[in-house]
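**Student:** The structure follows.
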Amino acid sequence: MLNIIKILKKPKIILVSILLFTAFLRLYRLDYPNKYVFDEVYHAYTAKEYLKGNKEAWSPWGKSPPGVAFEWLHPPIAKELMTSSMFILHTTDAWAWRLPGAFLGILSVFLLYKLALLLFKTEKTALISAFIFSIDGLVFVQSRTGMNDAYLVAFVLVSVIFFVQKRYFLAATFMSIAIATKWSGIYLALMYFPILLYFRQFNKLIYFVLIPPVVYLLSYTPYFWIGYKWNDFVELHNQIWWYQTHLKATHTYSSPWWSWPLNLYPVWYFVDYQKNTVANIFASGNPVVFWVGTVSLILTGLELIKKKSLNLLIVVLGFSVFWLPWALSPRIMFLYHFSPSVPFLSLALGHQLSLELGNRKGRRLIFVLLFLMALSFIIVFPFLTGIFLPRKFISLFFLTNLSKNPF
């Protein structure tokens, strides 16, 4: 049987291997399909219009062609990075607008390793956590899709790392960048404020109050540069708030917040039908990672109550603040809203598994679970990346009529 202890005694080699594996998979066939996937019809399309200098791309009242729409409901940083990528690479092909998210997806695996090392002080826990995170399907797909979730995850992780290091100015700065990527970045305050107040770091709170508005406004620099005024900015955010709090739309692939840790409702992003084969892309978590990870979070919560550890609190809070507030959301929700919680789920799972390294039965359990997680990722990989498979094979996985295109 594979000796996990011996393997874990070569942390640098393992870390480099995980990162190379992560990079290869996130960049593999990044150009497929060379057209919009799911909400790329909003995010990536708008990034391309930014590149053209189209003023209407920033406006709730902008008129777009059929099949696409301007994405003004979220702050612009993710779209601006996509635009920058297309500008630098001199192409508007799909791989160019997806590339920044893919790079941040690779970086996020390394960031999770660094965060686990800070929290748990052991290379073993950090490596196990990073490996688990690298084979999660949900953040994997989001990092290969021109949407803003992979950006949010990366900026959240950088902010939390600086917070753990007590570099509060930088933690607040990257929290601000997260907010300027997606409003849900503000949920970090639900973690930071109670901790700072408990430790009476009242003077540090000022960073988290003053920096976010400044960074948020700076993210809209191109908006003001092309001629929009302060009144336009205010009205834009009135429209964003109204839309996010009053939207009554429904969608076939929407899901309730409580179902996300169970990975019950993957989101169908793309399908390509050929005569005898079909290619699909689903945003789906790794089932084994999600299910076992949920158990690990419960165990970590119980351990937190017993030990009253700040580091365990950060793991549990990190997961909870990006999940539980959605219970109060009035708008339509999807599995990808769960993306920022996945790194903390991976941390809890890596921590609980590393506790079992001290005995033979525990090492066997770790080997079996890691094997099952890897096997689960391998099985669903074609459905995460749009690899063509025979229709008869796909019918084993889905009770659906493959002759009908739902898009």
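Please treat every number below as a calculation from the coordinates, not as lab data. All values derive from a computational prediction rather than experimental measurement. We place every Cβ from the backbone using ideal geometry, glycine too, and count neighbours over all the protein chains shown.
**Student:** Just TRP225, TRP97, TRP268 to compare: in a GNM of the chain, with alpha carbon springs under 10 Å, which one fluctuates most?
**Tutor:** TRP225
**Student:** Using Cα positions and a limit of under 19 Å, work out the aspartates and glutamates in reach of LYS121, with same-chain residues fewer than 8 apart set aside.
**Tutor:** Reachable aspartates and glutamates: GLU303, GLU356.
**Student:** Between rounded, prolate and oblate, where does the stretch 265-325 land on the alpha carbon gyration tensor, with a ≥ b ≥ c its root eigenvalues, rounded for a/c under 1.5, else prolate if a/b exceeds b/c?
**Tutor:** Values: a/c = 5.47, a/b = 3.23, b/c = 1.69.
Because a/c hits 1.5 or more and a/b exceeds b/c, the stretch 265-325 counts as prolate.
**Student:** Pick from THR250, THR173, THR294: which residue has the top mean-square fluctuation in a GNM of the chain where Cα pairs under 10 Å get a spring?
**Tutor:** Looking only at THR250, THR173, THR294, the largest GNM fluctuation is found for THR250.
**Student:** For the stretch 77-123, treating each Cα as an identical point scatterer without solvent, what Debye log10 I(q)/I(0) comes out at q = 0.18 1/Å?
**Tutor:** Evaluating at q = 0.18 Å⁻¹ gives log10 I(q)/I(0) of -0.59.
**Student:** In the calculated pair distance distribution of the chain, what percentage of Cα-Cα distances lie above 34 Å?
**Tutor:** Value for the chain (Cα pairs over 34 Å): 30 percent.
**Student:** Return the subset of LYS48/LYS114; LYS248/LYS307; LYS124/LYS308; LYS114/LYS392 for which the Cα-Cα distance in this structure is over 32 Å, preserving the input order. The partial results should precede the final answer.
**Tutor:** Numbers: LYS48/LYS114 34 Å; LYS248/LYS307 44 Å; LYS124/LYS308 22 Å; LYS114/LYS392 43 Å.
Too far apart for the 32 Å limit: LYS48/LYS114; LYS248/LYS307; LYS114/LYS392.
**Student:** In addition: Post the alpha-carbon centroid distance, the stretch 231-261 to the stretch 29-93, in whole angstrom.
**Tutor:** Comparing the Cα centres of the stretch 231-261 and the stretch 29-93, I get a distance of 19 Å.
**Student:** Give the cross-link partners of LYS35 among the aspartates and glutamates, using a straight C-alpha distance below 18 Å as the criterion and excluding same-chain residues fewer than 8 apart.
**Tutor:** Leaving aside aspartates and glutamates fewer than 8 places away in the same chain, those within reach of LYS35 are GLU49, GLU71, ASP93, ASP272.
**Student:** Next question, about the same structure. Would you mind computing, in nm to one decimal, how far apart the modelled labels at ASN359 and GLN165 are, each placed 7 Å from Cα along Cα→Cβ?
**Tutor:** Spacing of the two 7 Å Cα→Cβ label points: 3.8 nm.
**Student:** Which residue, chosen from GLN142, ALA102, ILE378, occupies the Cα position most advanced towards the positive end of the dipole of the chain, where the dipole is computed from +1 (Lys, Arg) and -1 (Asp, Glu) charges on Cβ about the Cα centre?
**Tutor:** Of GLN142, ALA102, ILE378, it is ILE378.
**Student:** If the only charges are +1 at each Lys and Arg Cβ and -1 at each Asp and Glu Cβ, what is the size of the charge dipole of the chain around the Cα centre, to the nearest 20 debye? Let's see the in-between values first.
**Tutor:** Working: 36 positive and 16 negative charges, 275 e Å.
Here the chain has a charge dipole of around 1320 debye.
**Student:** Another question about this same structure. Aspartates and glutamates within cross-link reach of LYS10: Cα-Cα under 17 Å, excluding same-chain residues under 8 positions apart?
**Tutor:** Within the straight-line cut-off, LYS10 pairs with GLU123.
**Student:** Which value in deg cm²/dmol, rounded to the nearest 500, describes the helix-derived mean residue ellipticity at 222 nm for the chain, given -39,500 (n - 2.57) per DSSP H run of n ≥ 4 and division by the residue count?
**Tutor:** About -19000 deg cm²/dmol.
**Student:** Separate question: Normalised by the empirical 2.2 N^0.38 Å for globular proteins, what value does the Cα Rg of the stretch 1-153 take?
**Tutor:** The stretch 1-153 yields a ratio of 1.23.
**Student:** Could I ask something else about it? Once label points are set 7 Å from the Cα along Cα→Cβ at both LYS35 and LYS307, what is their separation, rounded to one decimal in nm?
**Tutor:** Simple spin-label model gives 5.2 nm for this pair.
**Student:** Once both labels are modelled 7 Å past Cα along the beta-carbon direction, what's the PHE87-ILE13 spacing in nm?
**Tutor:** 4.5
**Student:** Taking every alpha carbon pair in the stretch 226-380, what does the distance histogram look like in 10 angstrom bins from 0, in percent?
**Tutor:** 9, 28, 28, 20, 11, 3, 0
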